[in-house]
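Student: What follows is a structure written as structure tokens; I'll ask about it next.
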Amino acid sequence: MLSALCPTVRDSGGGVLDRCYRVFPCLADPARRSSLGLKAALVMLHLVFLGVLFLFDSDLIEKTKHQPWYTGLYLLLFVITLVQYFVASGSSPSYVLDAMREVNETNAMFRRVSISSKQPASSKNGNMVIAVEESQSGRYLPGSNATSWTKLVLEMYPPGTSIRSLTCPYCNVEQPPRAKHCHDCDRCVLQFDHHCVWLGTCVGQGNHCRFWWYICEETALCLWTGILYITYLKANISRAWWKDAIMIVLLIILAITLIFLLLLLLFHSYLILTNQTTYELVRRRRIPYLRGIPERVYPFSKGVCRNLYEFCCVRSSITNLERLPTALELEEKSRPYSCFDFLTCRCC
């Protein structure tokens, strides 16, 4: 009897899952399902820390009545941090395939304009007749020759570089300098930094700035929450041992998280100031175009101020693709700083 019921239960469970997958297609992909689970866990973790604080700390409630601006600022930072998290996780890291399509479509548009300017008008109805070849459609098709993108990529490398050595074996596209294939996303990313598990996406040229701001806001929120926890324990210690135990455990988790966030914020700030990525710093000796460059020479750095400006203010586009520096530029960057260089702001 039990064995006869088991297939029925399994079939009904499978039917419920199928209906759920049809309503929510994103749940059918195991990778996206785990990413959504991590996002839900992170939001719940934030709500637990906030809820325990307002549930236990009656002094904070009284302070809110007299100084609502203080609690209002804290809650505003809480909301902004969560919003920034979803903005960073939902933004594109700038994929190589998207950049290639943009280059090819832009090139195809200029070709159509040039053809239309040379094409004579029809004598019957005065309409312009423009014949556009299939190769000028500007879209990447398997097996097609993306000449515009190929020329652009080759111009960023030293003369004589073989196009085969620049082609990704997985995506079959030419990689510009600083791009790398991510095996988790199964795409090539411009200025690849790392694949963030908590965001569920790569960190690259398109979302590195948003990622840094999220770390900064999360660090500030964690620090402020820790101060509120310590304030509660100093005022209410030994009143209820089980409340103290819960608050101490959460405070220890906050302290560990804060140390990690501070180190991560400092590390990425250093990368921004020197125009590097995590991948370039960690795998420097394995990257062909960085292998022969001394350790303390930053080949893509344009000075601290210019690096900050391009990171924060310049919108990510195909114009931000960086070519490899020449031998003269590398020699200039490897020259040690002198007092005159500091006076002339060479480092900036």
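The values are calculated or read from the model by the stated rules, or taken from the named source; none is laboratory data. As the structure is a prediction and not an experimental result, all values here were calculated from the model. Because the Cβ atoms are built from the backbone with ideal geometry, glycine has one as well, and the counts that use them run over all protein chains shown. Accessible surface areas use protein heavy atoms only, side chains included; no ligands, DNA or RNA. Shrake-Rupley method; radii C 1.70, N 1.55, O 1.52, S 1.80 Å.
Student: Just to be sure I understand the model, the point goes 7 Å from the Cα along the line to the Cβ. What's the resulting Val297 to Asn236 distance in nm?
Tutor: Roughly 6.0 nm, to one decimal.
Student: Still on this structure, I have one more. With θ set to phi - 60°, apply the Karplus curve 6.51 cos²θ - 1.76 cosθ + 1.60 along segment 252-269 and write out the HN-Hα couplings as whole Hz, x wherever there is a Gly or Pro.
Tutor: Values per residue, Gly and Pro as x: 5, 4, 4, 5, 5, 5, 5, 4, 4, 5, 5, 5, 5, 5, 5, 5, 6, 5 Hz.
Student: Can you pull out the GluC sites (Glu not before Pro) in segment 138-246 whose DSSP state is coil and whose Cβ has at most 14 other Cβ atoms within 10 Å? Walk me through the numbers before you get to the answer.
Tutor: On the way: sites: Glu155, Glu174, Glu217, Glu218; in loops: Glu155.
Within segment 138-246, the qualifying GluC sites (Glu not before Pro) (loop, at most 14 other Cβ atoms within 10 Å) are Glu155.
Student: Further question on the same structure: Determine ³J(HN,Hα), in whole Hz, for all residues of segment 55-63 in sequence, where each value follows from phi through the Karplus function 6.51 cos²θ - 1.76 cosθ + 1.60 and θ = phi - 60°; x replaces Gly and Pro.
Tutor: Rounded to whole hertz, the list is 6, 8, 8, 6, 5, 5, 5, 5, 5.
Student: Please list, ordered by chain and number, the residues whose modelled amide H lies under 5 Å from the amide H of His194; skip anything fewer than 5 residues away on the same chain.
Tutor: Val203
Student: What order do you get for 286-292, 275-281, 251-257 when each peptide is scored by the mean count of other beta carbon atoms within 10 Å, highest first?
Tutor: Values: 286-292: 12.3, 275-281: 20.1, 251-257: 14.7.
Final packing ranking: 275-281, 251-257, 286-292.
Student: While we're here: What percent do you get for the relative contact order of segment 229-321 when only Cα pairs under 8 Å and 6+ apart count? Intermediate values should be presented prior to the final figure.
Tutor: On the way: 38 pairs, mean separation 21.7, N = 93.
Normalised by residue count, the contact order of segment 229-321 is 23 percent.
Student: Is there a pair in Lys65/Lys234; Lys39/Lys65; Lys39/Lys63; Lys39/Lys234; Lys39/Lys151 whose C-alpha atoms are over 30 Å apart, and which pairs would that be?
Tutor: Numbers: Lys65/Lys234 21 Å; Lys39/Lys65 33 Å; Lys39/Lys63 32 Å; Lys39/Lys234 33 Å; Lys39/Lys151 41 Å.
Lys39/Lys65; Lys39/Lys63; Lys39/Lys234; Lys39/Lys151, as the Cα separations exceed 30 Å there.
Student: What is the sum of charges around Val153, taking Lys and Arg as +1, Asp and Glu as -1, for the other residues whose C-beta is under 13 Å from the C-beta of Val153? All intermediate terms of the calculation are to be shown ahead of the outcome.
Tutor: On the way: positive: Lys151, Arg164, Arg178, Arg323; negative: Glu155, Glu174, Glu322.
With Lys, Arg at +1 and Asp, Glu at -1, the neighbours total +1.
Student: Here is a follow-up. Average the reciprocal distances over every distinct pair of alpha-carbons in segment 186-343, invert the result, and give the Kirkwood radius in Å. Before the final figure, lay out the partial values.
Tutor: Numbers: mean 1/r = 0.0533 Å⁻¹.
Kirkwood radius, segment 186-343: 18.8 Å.
Student: Please compute the per residue accessible area over segment 211-341 with all protein chains in place, 1.4 Å probe, rounded to a whole number of Å².
Tutor: Accessible surface, normalised per residue, equals 62 Å².
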